[in-house]
Amino acid sequence: MVYGLGIDHFTFKLNFHFLTQRFFLSILVDTAAVITCCYLLPGADVTGFGSAILVALALALLNQFVKPFLVILTIPATLLTLGLFLLVINALIILLADWMVLGFSVDGFWWALGFSFVLTFVKSVFNALVGNNKDNNNSGRIDA
């Protein structure tokens, strides 16, 4: 039993294993989605599989750490545009990933906006095919 947490070591280890598997599956799905988007859009390009993995990781980090600050800072603009300014934030996140990752390029704001639309659609299709949805509340538990 882990003292103070009320969980035993086996449950913690099982949940950690499940979450790491889910993270790596999510990165692989995102990598395939980035490659697909670059194939579909002439204004976006990725040079190889390694660069696509780096783009997937960069997008995951930017969406986790930078995007919340941008959303908070732009609340007035988001309210005035009835939420449409969030699309601009998505395009800016794609442009930041373009700036961060060598081997990935987007030709401008409008291509970044289109890339974010196509990426969202392709990721939802791939996640449905793989079964990697966030609504799954299994969380690594074994129910008998």
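Here, each number is a calculation from the coordinates, and none is a lab measurement. Not measured: the values here are computed from a predicted model. FYI the Cβ positions are ideal-geometry reconstructions off the backbone, even for glycines, and counts take in every protein chain you see.
Annotations
- Residue order, fewest to most beta carbons within 10 Å, for TRP111, TRP99: TRP99, TRP111
- Rounded to the nearest whole angstrom, the semi-axes of the ellipsoid equivalent to region 9-127, taken from the Cα gyration tensor as √(5λ), stand at 26, 21, 12, largest first.
- Residues of region 36-73 with an amide N closer than 12 Å to a point placed 7 Å from the Cα of TRP110 along the Cα-to-Cβ direction: 43.
- When you work out D = kT/(6 pi eta Rh) for region 56-96 at 10 °C and 1.306 mPa s, using the Kirkwood radius from C-alpha pairs as Rh and the Stokes-Einstein form, the result is 154 µm²/s.
- Each Lys or Arg adds one and each Asp or Glu takes one away; over the other residues whose Cβ falls under 11 Å from the Cβ of ASP45, this sums to -2.
- Taking the C-alpha atoms of region 19-66, convex hull volume expressed per residue in Å³: 71 Å³
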